Amino acid sequence: MIPVTKTCLPELDEYVSQLSEIWKTGWLTNNGTYSKKLTSDLISYLNVPNLELIGNGTLAIQLAIQALDLTGEIITTPYSYVATTTAILWENCDPVFVDINRESLCIDPELIEAAITEKTSAILATHVYGLPCDVVKIEQIARKYQLKVIYDAAHCFGVNYRGQSILKYGDCSTISFHATKLFHTVEGGAVVCADDRIAQRIFLSKKFGHHGEDDYFQIGINAKLSEFHAAMGVCMLPLIDSLIQRRKQISQSYNHLLEGCEIRRPVIPADLEYNYSYYPLIFNSHTAMSNVRQALLDQRVMTRRYFYPSLNTLNYLRPELKRPCPISEEIADRVLCIPLYPELQQTDLDIISHTILREFK
Ligand SMILES: *Cc1c(COP(=O)(O)O)cnc(C)c1O
């Protein structure tokens with residue numbers, strides 16, 4: 001079987017030698033050596049002003065919503081993983097879905113202004129597949145209406161846009177270090193903030209608002225990353241450049257093998273240093289997508305309908321939140337992500353691409 005993704009792990013000996021340090025000190029969580037090291041390693045690798053490690057990427061969004069004091073309505077994309085929407089709902093805000101741009105697959109800034117009301121407090125947009133939102137237009141709109149901006153940058157590890165880390169745009173950017181993501185700590189995530197005071201609030205809120213001996217500064221929750229998780233990140237970080245390089249090779253092979261097929265792929269902008277986190281294919285119809293999916297399954301190749309369903313259609317939304325988003329719904333209905341992970345072999349790529357091509361004959 002060829003899975004759609006496969007988590008990369010460091011050499012077991014390498015991880016075990018980090019664990020033996022944890023055994024020596026007995027320090028398992030609460031901002032220990034590994035959390036501190038991973039934080040500073042990530043700040044320098046990603047070239048960001050600050051970074052707060054969080055237990056996972058969903059809590060990272062929730063803490064950002066809290067730290068920015070968001071209330072009421074949050075304008076958001078329907079084309080993302082479900083966590084983008086549920087984080088908003090969990091924080092007792094209403095997601096207001098604005099359709100995506102057909103080319104970028106990110107929220108369409110031309111449609112944002114019409115969705116703003118007195119209750120709007122922020123825009124929460126996803127750089128889907130690690131491809132950038134229109135950060136310039138979104139910032140202009142946010143300034144004009146005094147809205148906060150959070151980017152769900154869960155797919156963006158190592159992505160640079162217009163000469164800087166994509167995590168530097170917006171008031172906060174959140175990222176996931178889940179095992180299925182490019183860089184992982186088994187479970188984990190982080191928030192990067194433009195303003196150090198917001199970063200400080202997140203620093204406190206992830207540990208009960210408790211700092212020092214007996215000081216409780218604000219309402220908080222437990223969203224810390226343990227030393228075991230941080231140690232995994234410390235082992236993974238030195239490997240990441242070669243993993244991205246390998247993903248790039250595989251993506252380019254697919255581009256070449258699938259050339260001339262009637263399948264659309266998102267365009268990678270010229271001013272983007274990309275991380276090749278996914279390989280999505282957008283078919284001309286739902287039927288074409290299903291046929292390819294079944295043909296691949298017959299060859300024991302797994303695929304994923306990333307991202308389906310369009311989030312404005314989630315069945316548990318209140319009816320008035322289910323605004324139509326025809327482009328997102330259409331793309332969610334026709335998209336398929338095919339396997340992409342460093343261990344994929346050329347023979348695997350050949351099987352996958354031949355199977356797809358055969359469906360178009
Ligand atoms: C994975 C993902 C998340 C959630 O991250 P977790 O670390 O799994 O909680 C949020 N948003 C998007 C777009 C994701 O792909």
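None of the figures in this text is laboratory data; all of them are computed from the coordinates on show. Remember, it's a predicted structure, so these values are computed and weren't measured experimentally. Note that we place each Cβ from the backbone using ideal geometry, even for glycine, and neighbour counts take in every protein chain shown.
Values computed for the structure shown
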item: Taking the stretch 2-103 and dividing mean pair separation by its residue count, relative contact order in percent (alpha carbons under 8 Å, at least six apart); result: 19
item: Rg and Dmax of the chain, Cα atoms only, in Å; result: 20.7, 71
item: Most mobile of 69, 94, 13 in a GNM of the chain (Cα contacts under 10 Å); result: 13
item: Under the Debye formula (equal points on every Cα, no solvent term), log10 I(q)/I(0) of the stretch 57-180 at q = 0.22 Å⁻¹; result: -1.37
item: Loop-resident sites, the stretch 1-105, for trypsin sites (Lys or Arg not before Pro), counting at most 15 other Cβ within 10 Å (DSSP); result: 6, 102
item: Relative packing of 125-133, 230-238, which averages over residues the other C-beta atoms within 10 Å, highest first; result: 125-133, 230-238
item: Size descriptor, Kirkwood hydrodynamic radius, that averages inverse alpha-carbon separations across the stretch 113-266, Å; result: 18.1
item: Mean separation of Cα contacts under 8 Å (6+ apart) over length of the stretch 120-226, as relative contact order %; result: 17
item: Average Cα contact separation per residue, the chain, under 8 Å, 6 or more apart, as relative contact order %; result: 23
item: Cβ-isolated cysteines (cut-off 4.7 Å), the chain; result: 8, 93, 156, 172, 193, 235, 261, 325, 337
item: Euclidean distance of C-alpha centroids, the stretch 121-157 and the stretch 273-343, integer Å; result: 22
item: Counting DSSP beta bridges with both ends in the chain, the antiparallel % (nearest 5); result: 55
item: Loop-located GluC sites (Glu not before Pro) in the stretch 201-283, at most 14 other Cβ atoms within 10 Å (DSSP); result: 213, 259, 262
item: Karplus-derived 3J(HN,Hα), 6.51/-1.76/1.60, for each residue of the stretch 213-229, Hz, glycine and proline x; result: 6, 10, 9, 10, 8, 7, 5, x, 9, 9, 10, 7, 9, 6, 5, 5, 5
item: Residues with amide H under 5 Å from that of residue 302, placed H, sequence gap 5 or more; result: 2, 4
item: Given charges at beta-carbon only (K, R positive; D, E negative), |dipole| of the chain in Debye; result: 440
item: The chain: most fluctuating residue of 246, 305, 162 per GNM, C-alpha cutoff 10 Å; result: 162
item: Sparse-neighbour loop sites [chymotrypsin sites (Phe, Trp or Tyr not before Pro); the stretch 273-341; at most 13 other C-beta within 10 Å; DSSP]; result: 316
